[in-house]
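Worksheet for the structure shown next.
The values are calculated or read from the model by the stated rules, or taken from the named source; none is laboratory data. Since this is a predicted model, take the numbers as computed values, not measurements. Using ideal geometry, Cβ is built from the backbone for each residue, glycine included, and neighbour counts are taken over all protein chains shown. SASA here: full protein model, heavy atoms, side chains in, ligands and nucleic acids out. Shrake-Rupley method; radii C 1.70, N 1.55, O 1.52, S 1.80 Å.
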Amino acid sequence: MARKNPFMNVMSDPSPDDDKTILEYTNKGASKSLIHSLDELAAQADRLLEGEAVVELDPAIIDGSFVRDRLGDDQEDFNELLTAIRDRGQDTPILVRPHPTATGRYMVVFGHRRLRAATALGKKVRAVVKELKDSDHVVAQGQENTARANLSFIEKAMFAAEISRRQFDGDNAIVLSALSIDRATLSKMLAVSTIPKEVLDAVGAAKGIGRDRWYELKNLLERPSTLEQATAFIQTDDFKAKIGDDRFNSLLAFVKSLGKQTRAKTAKTHKWASEDKAVSADIRSDGRTYTFALKAKDAAGFGDYIAENLADLYQAYRSKKDQRGE
């Protein structure tokens with residue numbers, strides 16, 4: 001038997017006399033139906049607003065969502081939105097809910113940028129007010145952003161991690177629905193979200209950077225010494241002077257260069273051979289160990305000789321080192 005739909009108050013009008021579907025969402029045991037069409041996601045967000053009364057609210061009484069979904073606005077995009085609203089008004093209302101803990105205030109579900117633009121212009125914001133539970137709130141917010149807000153991978157990853165931390169359900173069905181992703185993608189998102197907040201905030205949205213490159217950076221930063229140097233690097237003027245994807249690219253290049261320096265150090269090798277070519281050696285040093293392999297016809301005999309005289313050889317090395325004052 002199908003379980004009761006957990007998002008019923010989003011999907012249908014609160015009035016018992018009106019069974020109009022607002023949002024189509026199916027939840028069948030462990031197998032969740034995911035929405036793959038951005039057009040469908042956008043249509044679902046539109047249906048949340050269809051037939052609802054639009055009111056004008058003072059932006060001062062509206063708070064942001066309890067779940068963060070942006071690392072920062074693209075100023076150029078925001079300026080375009082600001083100009084459009086100033087010139088022709090706000091075409092699409094935002095969605096808000098009565099604030100769950102502050103009487104007389106509201107909380108944005110989606111439309112944060114439109115709210116910010118109205119605030120900047122000193123205008124009231126056109127809004128639909130709808131009663132929503134926290135779980136319904138994040139599904140609506142996530143689907144609207146996935147369809148239209150052009151969130152970057154890392155912004156979606158942070159949003160997914162925040163929803164997952166709140167443990168709305170046991171198997172992350174809500175975050176899968178909110179972002180229209182599969183479990184493999186969610187696993188990568190949650191892994192990337194563990195990158196220290198200091199690094200994420202410094203890099204920013206990095207809208208052109210996808211999952212695989214973020215995952216590569218996350219794996220490289222798992223080494224404590226690498227993370228320490230990366231944290232110092234993001235404080236440099238050179239890094240701070242960069243914007244957008246260039247910040248991510250410069251950090252990843254820096255971190256990868258640390259690995260190259262390490263590999264170069266561990267790969268220090270050279271060869272030696274006697275004048276008569278009766279014995280040769282392949283020598284390798286990584287700063288901690290020093291090895292050499294003897295070859296040719298005298299290899300075994302010369303090796304035995306070295307082994308038998310190691311004490312004398314080491315004493316001669318110590319004496320020469322002391323003479324140099326090392």
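Remarks
- Based on protein heavy atoms only, region 67-132 ends up with 51 Å² per residue of surface accessible to a 1.4 Å probe.
- The residues neighbouring HIS99, those whose beta-carbon lies less than 14 Å from its own, together hold a net charge of 0 under the Lys/Arg +1, Asp/Glu -1 convention.
- Region 211-303, relative contact order [Cα under 8 Å, separation at least 6], %: 16 percent
- Whole-number accessible area per residue in Å² for region 163-285, which is evaluated in the context of all protein chains at 1.4 Å: 56 Å²
- Whole-percent carbon and sulfur share, accessible surface of region 193-232, 1.4 Å: 50 percent
- Contact order, relative form, for region 162-251: 26 percent (alpha carbon pairs under 8 Å, 6 or more residues apart, mean separation divided by residue count).
- Region 185-233, dipole about Cα centre (Lys/Arg Cβ +1, Asp/Glu Cβ -1), debye to the nearest 20: 200 debye
- Relative contact order (percent, whole number), region 57-179, Cα cutoff 8 Å, 6+ residue spacing: 30 percent
- Computed over region 200-326, Cα set: Rg, Dmax in Å: 23.8, 65
- Electrostatic dipole magnitude of region 136-265 [Cβ: Lys, Arg +1; Asp, Glu -1; Cα centre; debye, to 20]: 520 debye
- Hydrodynamic analysis of region 77-191 uses the Kirkwood radius over alpha carbon pairs. Inserted into Stokes-Einstein at 25 °C and 0.890 mPa s, it gives a translational diffusion coefficient of 160 µm²/s.
- Neighbour-limited loop hits for chymotrypsin sites (Phe, Trp or Tyr not before Pro), region 115-210 (at most 15 other Cβ within 10 Å; DSSP other than H, G, I, E, B): none
- Pair LEU310, PHE292: separation of 7 Å Cα→Cβ label points (nm): 1.5 nm
- The local environment of ASN219, defined by Cβ-Cβ distances under 13 Å, has a net charge of +3 under the rule Lys, Arg +1 and Asp, Glu -1.
- Region 122-164: C-alpha gyration tensor shape, a/c 1.5 cut-off, then a/b vs b/c: oblate
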